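Below is one structure; the comments refer to it alone.
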Amino acid sequence: MKPPDTYDLRGFLLMLLSVILFAANTLLLRAISLHLPEADGWMAALFRGTVGMLMVAALYGFGRGLSLKALIGSKLVALRGVIGALSIAAFYLTIPALGASRAVVLNLTYPIFATLIAAWWLKEKVSKSAMLWMLAGFAGLLLFVGGDATRGFSNWDLLAMAGAVGAGIVVVLIRKLRETEHAGTIYASQCFYSIALALPLRGAQVTDLPAMGYLTLIGAAVIVGISQLVMTNAYRTMPVSRGSSIQMLLPLVTAAGAYAFFGERFTLLELAGAALTLFATWRVAVPRRSPGATEGKENLPPLKTAPEP
């Protein structure tokens, strides 16, 4: 049996890798949107759904957990799929308009919405400190979206926030579905309905894409699929709070890449608002320690911080 430190190091490296892969996916979509406008959010969602469906079928198909019948027959599974597909499309559509770093910051507010929805629907208790941190997060969000006088609050920001709310709903639905459905079916619902919603909108344009468009969109879809698997594996060997903390590096890694490759910048007010929002989101998402908790054996929170896109 390996010592705990070895497990922690492995989990840390896997979680860090997942952050880099998530950021790479976003930056790839930002790059292709600049050179190939027809490869928009709906097109990216179509490719992600298709590649994701193939991956989940390979991992969980043929009697290993995936239930195709539940994708249509279960109302909750279908609802998870539809809302998840719309949330992903909303995130992908805002990347070209807002820039990769701004879109990621807005999307990562979803744990706050998930906590509020879980309190209302699942009757999960929300502590006073969590409520205060949520208020701080919303204050930071207002500062962030209004921190650039030349940009202001646009409809794209509103769409990004709607996507974050949708992602919060999805997190709660996943928590509910885990009681009855296999993980493969839950994930496949997102892929299935991404295809169902995006195909009528972009299916006819798929054949018009150049070879580089195919390679980039497929590459981005494969990367995000691998990043989900890597992140899930990392959580098996490390505390949720530590994993959540590492995942909060995603905006920093994305912003660094967006600055280096696309010249994206934040004003000082935007930076302050983003920092407050992300820190508050992390404080809401990480688990509270019980008096007798030890490192690596914390009380699992109702919600984990994990990028929905």
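Selection of the range 253-289 for residues being within 16 Å of Gly137 (Cβ to Cβ) and polar (S, T, N, Q) yields Thr277, Thr281. Comparison of Ile83, Ile72 shows that the only residue that is surrounded by fewer than 17 Cβ atoms within 10 Å (Cβ to Cβ), closer than 15 Å to Leu197 by Cβ and touching a helix residue (DSSP H, G or I) at 6+ places or on another chain (Cβ under 8 Å) is Ile72. Taking the listed residues Lys176, Lys123, the one that is assigned to a loop (DSSP other than H, G, I, E, B), of a type in the set (Lys, Arg), out of contact with any Gly (no Cβ under 8 Å at 6 or more places or on another chain) and surrounded by fewer than 24 Cβ atoms within 10 Å (Cβ to Cβ) is Lys123, with no other qualifying. Residue check: is Gly140 out of contact with any Asp or Glu (no Cβ under 6 Å at 6 or more places or on another chain), buried (at least 21 other Cβ atoms within 10 Å of the Cβ) and farther than 23 Å from Phe22 by Cα? In short, yes. The sole residue among Phe47, Phe22, Phe91 that is more than 19 Å from Ile169 (Cα to Cα), in contact with a Pro (Cβ under 6 Å, 6 or more places away or on another chain) and either in contact (Cβ under 8 Å) with a residue 24 or more places away in the chain or in a helix (DSSP H, G or I) (or both) is Phe22. When the residues of the range 75-120 are filtered to those that are modelled with pLDDT of 95 or more and of a type in the set (Ser, Thr, Tyr), the one that is nearest to Leu159 (Cα to Cα) is Thr94. All conditions but one from (1) in a helix (DSSP H, G or I); (2) within 21 Å of the chain's Cα centre (by Cα); (3) touching a residue at least 40 places away in the same chain (Cβ under 8 Å) apply to Val206; the one that does not is (2). Scanning the range 201-214 finds one or more residues that are among the charged types (D, E, K, R) and either more than 17 Å from Tyr60 (Cβ to Cβ) or at pLDDT 95 or above (or both). When the range 209-226 is examined, which residues are found to be in a helix (DSSP H, G or I) and closer than 14 Å to Ser33 by Cβ? Result: Met212, Gly213, Thr216, Leu217, Ala220. Residue count for the range 48-69, restricted to those that are surrounded by fewer than 20 Cβ atoms within 10 Å (Cβ to Cβ) and among the basic types (Lys, Arg): 2. Taking the listed residues Arg242, Arg283, the one that is in contact with a helix residue (DSSP H, G or I) (Cβ under 7 Å, 6 or more places away or on another chain), surrounded by fewer than 21 Cβ atoms within 10 Å (Cβ to Cβ) and of a type in the set (D, E, K, R) is Arg283, with no other qualifying.
The values are calculated or read from the model by the stated rules, or taken from the named source; none is laboratory data. As the structure is a computational prediction, the values presented were derived from the model and not from experiment. Cβ coordinates were reconstructed from backbone atoms using ideal geometry, including for glycine residues, and neighbour counts include every protein chain displayed.
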